[in-house]
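Here's the structure we're looking at; comments come further down.
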Amino acid sequence: QVQLVESGGGLVQPGGSLRLSCAASGSIFSINSMGWYRQAPGKQRELVATITNGGNTNYADSVKGRFTISRDNAKNTVYLQMGSLNREDTAVYYCRAYISNRIYWGKGTLVTVSS
């Protein structure tokens, strides 16, 4: 069984920064891609950023230039550095991992951007 545990969410003022982490644990033989998705109140879950095990990244247009995804393969951990946050970034952020041909989700961490 694989578990994904996110951390780092919280309350931040507009223009501020926050870093999310997601650690994968359990029966892990190979992790392909890892990524972050988010779901704002009343909206569908959407892709934020993904990163392959080779380091190739993909970002939603809305976060390009503000967010950076990275991973530590030795720790089975993916990070999301978020900057220039605005109220539209308020959402529950979910970690997703593609491991051994299966998709796993974390339980999410809430990010609230408010003054």
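The values are calculated or read from the model by the stated rules, or taken from the named source; none is laboratory data. Worth saying up front: this structure is predicted, and the values here are computed from it rather than measured. Virtual Cβ from ideal backbone geometry, glycine too; neighbours counted across all protein chains shown. Ligands, DNA and RNA are stripped out before the accessible areas are found, and what is left, the full protein with its side chains, is counted by its heavy atoms. Shrake-Rupley method; radii C 1.70, N 1.55, O 1.52, S 1.80 Å.
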Taking the range 32-48 and keeping only residues that are in contact with a strand residue (DSSP E or B) (Cβ under 9 Å, 6 or more places away or on another chain) and not aliphatic (A, V, I, L, M), one is left with N32, S33, G35, W36, Y37, R38, Q39, P41, K43, R45, E46
Within the range 63-115, residues at pLDDT below 95 and charged (D, E, K, R) come out as R71, D72, K75, R102
Restricting attention to the range 84-93, the residues that are within 16 Å of R19 (Cβ to Cβ) and open to solvent by 10 Å² or more (accessible area, probe 1.4 Å) number exactly 1
A careful count of residues in the range 1-19 that are of a type in the set (V, I, T) and closer than 14 Å to T109 by Cβ gives 2
The strands (runs of 3 or more DSSP E) lying wholly within the range 1-99 that contain at least 3 residues that are touching a residue at least 40 places away in the same chain (Cβ under 8 Å) are 2-7, 10-12, 18-26, 31-39, 77-82, 91-99
Checked against (1) surrounded by fewer than 16 Cβ atoms within 10 Å (Cβ to Cβ); (2) touching a strand residue (DSSP E or B) at 6+ places or on another chain (Cβ under 6 Å); (3) modelled with pLDDT of 95 or more; (4) closer than 19 Å to G106 by Cβ, C22 satisfies every condition except (1)
Notebook entry, point to check: Restricting attention to the range 43-55, does a residue exist that is more than 16 Å from Y94 (Cβ to Cβ) and surrounded by 14 or more Cβ atoms within 10 Å (Cβ to Cβ)?
Noted result: yes
Over the range 1-17, the set of residues more than 24 Å from I31 (Cα to Cα) and open to solvent by 30 Å² or more (accessible area, probe 1.4 Å) is L11, Q13, P14, G15, S17
Scanning the range 100-115 for residues that are part of a strand (DSSP E or B) and of a type in the set (S, T, Y), the one least open to solvent (accessible area, probe 1.4 Å) turns out to be T109
* Are any of the residues in the range 32-51 basic (K, R) and under 21 Å from G16 (Cβ atoms)? -> yes
Does at least one position in the range 75-83 carry a residue that is among the basic types (K, R) and open to solvent by 50 Å² or more (accessible area, probe 1.4 Å)? yes
